[in-house]
Every structure is written in C-alpha cells, then in structure tokens.
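Undergrad: Before anything else, here's the structure in question.
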C-alpha cells in the first residue's frame, strides 16, 4: 500500500506542478516548452493508469505483482536502460549543434528516459512473448 501511496502522491505533485507552471507563465511558449509539457502530461497519465490497475487488483484481493509482471518489468527496464544510453549519446552529439542549456539538456534526457521506459513497458505488456 505504501508504493501505491507514493505513486499517487508523486502523480498528484507532478500534475499540480504542471498546472501551476502552465497557468503561472502566461508568456509565449516555444515548441520545446509545449513538447515538454505534453511529455509530462503523458507520463502523469501513464503513472495514474498503472496506479489504478494496482489499486483495482488490490481491492479484488489479487496480487499486485506476480511472477509474470515482475519478469515483464525487468525486461522493460533492461530495454529502457539500453535505449537511454543511446539517447544520452545522441543528446550529447545534438548538443554540439543545438547549444541547449544544461537545464534543458538534463530535462530532455530525463524525459526521454521516462518515455523510453514507458514505450518498453507498453511493448513488454502487449507485444513481447513471456512463455519461457
């Protein structure tokens, strides 16, 4: 139950921070800010969906994490790790041409890592075969 509480608390804080940032800054937003806010919104929604699934399983007295879900999570995290290494390498190469600030570079990298994990989790959940 503690993991669910942490998951929903982090999701709520991120959503509140996004709303405050969007409403508080009324100046013109560039494409980077729009892309970052959309990525953050996508991540907030995916965390909320994962939390609701675990909450439903807990209310139905089912285990929230069985062996298959642990294997899928480990496979998704290992794929996301390798993708994120190449992502950081690509960001370092692109930074020599784009001249992003260090805060922007780190923000794009962390958002990319989260998106890589989300994509690999969706792949492991829908496409990958786990009948080993």
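Undergrad: Once you have the Cα-Cα distance between residue 77 and residue 94, take 0.36 nm times their residue separation minus that, and quote the gain in nm to one decimal.
TA: 3.6 nm
Undergrad: Mind checking the angle between helix 102-126 and the chain's longest principal axis? C-alpha axes, 0 to 90 degrees, to the nearest 10.
TA: 30 degrees
Undergrad: What's the angle, to the nearest 10 degrees (0 to 90), between helix 31-59's Cα axis and the longest principal axis of the chain?
TA: Computed tilt is about 10 degrees.
Undergrad: Further question on the same structure: Give the angle, between 0 and 90 degrees and rounded to the nearest 10, that separates the Cα long axis of helix 2-24 from the longest principal axis of the Cα atoms of the chain.
TA: Approximately 30 degrees, to the nearest ten.
Undergrad: Okay, moving on. Quick one: Debye curve from the C-alpha atoms of the stretch 32-132, no solvent, what's log10 I(q)/I(0) at q = 0.11 Å⁻¹?
TA: -0.43
Undergrad: Please compute the Kirkwood hydrodynamic radius over the stretch 1-64, one decimal place, Å, based on all pairs of different Cα atoms.
TA: Radius from the Kirkwood sum: 13.2 Å.
Undergrad: Once every DSSP H run of n ≥ 4 in the chain is given -39500 (n - 2.57) and the sum is divided by its residues, what mean residue ellipticity at 222 nm do you get, rounded to the nearest 500 deg cm²/dmol?
TA: -29500 deg cm²/dmol
Undergrad: Could you work out how much longer the chain between residue 23 and residue 42 gets when fully extended? Use 0.36 nm per residue separation minus the Cα distance between them, nm to one decimal.
TA: Here the segment from residue 23 to residue 42 would lengthen by 5.0 nm.
Coordinate-derived values only; no laboratory data. Predicted, not measured: the structure shown is a model, and the values here were computed from it.
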